[in-house]
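A.B. asks: This is the structure I have questions about; it appears just below.
Bear in mind these aren't lab numbers, they're just calculated from the coordinates by the rules spelled out. None of these values were measured; they are calculated from a predicted model. Every residue, glycine as well, gets a Cβ built from its backbone with ideal geometry; the counts of neighbours run over all protein chains shown.
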Amino acid sequence: MPLAAAIFPAVLTAQQPVTRADAVAAAFARGARAAFGRADTIAALGAVGTARAFPNPTLSGSYSKDPPNYHALAELPLDLPWLRAPRIGAAEAARDAARHQFAFEQAAIRFDVDTTYTRSLATAMHARLSRRTANDADSLLRIAQLRREVGDVSELDVRLAAVNAGQLENAAADDSLAALGTLLSLQLQMGLPADTPSITLVDSLVVPDDSGASVGPGEWLPVAAAAARLRAAERNLSFTRASRFAPSVVFGVDKGDSGAADPNQLLPVIGFSLPFPLFNQSGGAVTQATAERDRALAELDLTRHETDAAVARSRRDLIAAQARVRRSAALVTSADRIAGMSLQAYGEGAVALANVLEAQRNAREILARYIDDLAATDAAARTLRWLTLRADQP
């Protein structure tokens, strides 16, 4: 009793009430995972800007003793369409992949926080159930002691009731510690200190109303991200092959020909340069880009199959969890009523102590199973909702 009383009221007297939406918003605002995703998305946007930029010209000046003495040349790389298009396409596809991945990471953060919130609600319900059953066991012990004093029961009933009360008190203390630990885990995900409880949970644990799966056109987010990475790899391969021949235009002026009629006359110079792949034909770069393309293709195929399997498994888990919670809900009221009636009957001397302990144990197990089924159904619905997010959703 002292340990549970020292732990559980600390959770109940916390100052800050928190809903699911509050917990998710705090995780987005303070969590490191969201910051990493935002940084990756901004970097991908910067890469698109870099790919769209035209190459800068190169200006060089020189002096020679032979006339003309002064030379000023500028070299401008030609950003031809077969170079520019695949470069920009690769960057835009990588940006789309980063956006889809960030959206899926946001959904994963929401899923993790929601799941921890659900576990915290379930462990708190377990703690309250354990405390109530421990109190019932204390009442049963007092009844046994009173009946022993009047000679209705033997010392065996009193000792049996004392052992039962001690076991349930230990279980209540363990459940209170579990509830506190889960609550502190939620605070850690929210970016709050996790040394002492500082929040209380406002939402309740109920059966989800719908299946949780999103419907509509568009690919699921993991598949869309993998498809975007494949498009980026294909465009990067095209750019690598085309960049072996990247011509440049050279133009400038010469000045200082002493043999000319006007030594200060500016003499125009124009030309072009074309790389000649004699020693380096970019074979290694093309091979590397081809391998990246093949890897992205295999990753897309694997992601599609894994996502389909995960969604199908989540649907089965949700259907099974909904069936279990319906069966458990039908047993809760009856089991609780039977436990109360058996306790009353024992106080009146109508049943033996063993019957009361058995009824209380059955009621406790059924209530605990119902709490677990509620949490499992909620988690299954949120898992399915997370896995079936579409790429065209906000």
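A.B. asks: In which sequence would Val250, Val223 go, from the one with the fewest C-beta neighbours within 10 Å to the one with the most? Walk me through the numbers on the way to the answer.
C.D. replies: On the way: Val250 16, Val223 20.
So the ranking, lowest neighbour count to highest, is Val250, Val223.
A.B. asks: Below 8 Å between Cα atoms, with a sequence gap of 6+, how large is the relative contact order for segment 2-387 in percent?
C.D. replies: 25 percent
A.B. asks: If I build a Gaussian network model for the chain, linking alpha-carbon pairs within less than 10 angstrom, which residue out of Val153, Val311, Val113 has the largest mean-square fluctuation?
C.D. replies: Top of the fluctuation ranking is Val153.
A.B. asks: A follow-up question, please. In Å and from the alpha-carbon atoms only, list the Rg and Dmax of segment 284-394.
C.D. replies: Just the Cα atoms of segment 284-394 yield Rg and Dmax of 25.7, 91 Å.
A.B. asks: For helix 2-12, report the angle its Cα long axis makes with the longest principal axis of the Cα atoms of the chain; keep it between 0 and 90° and round to the nearest 10°.
C.D. replies: 50 degrees
A.B. asks: If you take every residue apart from Ser328 with its C-beta less than 10 Å away from the C-beta of Ser328, what net charge results, scoring Lys and Arg +1 and Asp and Glu -1?
C.D. replies: +2
A.B. asks: Please report the base-10 log of the normalised intensity I(q)/I(0) for segment 2-387, using a Debye sum with one equal scatterer per alpha carbon and no solvent, at each q in 0.09 (1/Å).
C.D. replies: -0.77
A.B. asks: While we're on this one: Restricting to the chain, what percent of DSSP beta bridges are antiparallel, rounded to 5?
C.D. replies: Percent antiparallel among DSSP bridges in the chain is about 90.
A.B. asks: Hey, fewest Cβ within 10 Å first, where do Tyr70, Tyr117, Tyr63 land in order?
C.D. replies: Lowest count first: Tyr63, Tyr70, Tyr117.
A.B. asks: Most fluctuating residue of Val356, Val163, Val207 in a GNM of the chain with Cα springs under 10 Å: which is it?
C.D. replies: Val163
A.B. asks: Could you give the dipole magnitude of the chain about its Cα centre, charging the beta-carbon of Lys and Arg +1 and that of Asp and Glu -1, in debye to the nearest 20?
C.D. replies: 480 debye
A.B. asks: A further question follows. On a 0 to 90 degree scale, rounded to 10, what angle separates helix 81-149 from the longest Cα axis of the chain?
C.D. replies: Approximately 10 degrees, to the nearest 10.
A.B. asks: Given the -39500 (n - 2.57) contribution per DSSP H run of 4+ residues, what per-residue ellipticity at 222 nm results for the chain, rounded to the nearest 500 deg cm²/dmol?
C.D. replies: Value at 222 nm, helices only: -25000 deg cm²/dmol.
A.B. asks: With just the Cα atoms defining each centre, how far is segment 360-394 from segment 167-202? Give it in Å.
C.D. replies: 20 Å
A.B. asks: Taking the Cα centroid of segment 228-249 and of segment 33-79, what is the distance between the two, rounded to the nearest whole Å?
C.D. replies: Rounded to whole Å, the Cα centres lie 18 Å apart.
A.B. asks: Counting other Cβ atoms within 10 Å of each Cβ, which GluC sites (Glu not before Pro) in segment 333-394 have at most 16 and sit in a DSSP loop? Spell out each step's value before the answer.
C.D. replies: Numbers: sites: Glu348, Glu358, Glu365; in loops: Glu348.
Qualifying residues, ordered by number: Glu348.
A.B. asks: Follow-up question, since we're still on this one. Summing Lys, Arg as +1 and Asp, Glu as -1, what charge do residues with Cβ under 14 Å from the Cβ of Ala85 carry, Ala85 excluded?
C.D. replies: Once all neighbours under 14 Å are counted, the net charge is +3.
A.B. asks: Picking from Ala34, Gly61, Ala85, whose Cα lies most toward the positive end of the charge dipole for the chain (charges on Cβ: Lys, Arg +1; Asp, Glu -1)?
C.D. replies: Positive-end residue among those listed: Ala85.
A.B. asks: For helix 155-189, report the angle its Cα long axis makes with the longest principal axis of the Cα atoms of the chain; keep it between 0 and 90° and round to the nearest 10°.
C.D. replies: 20 degrees
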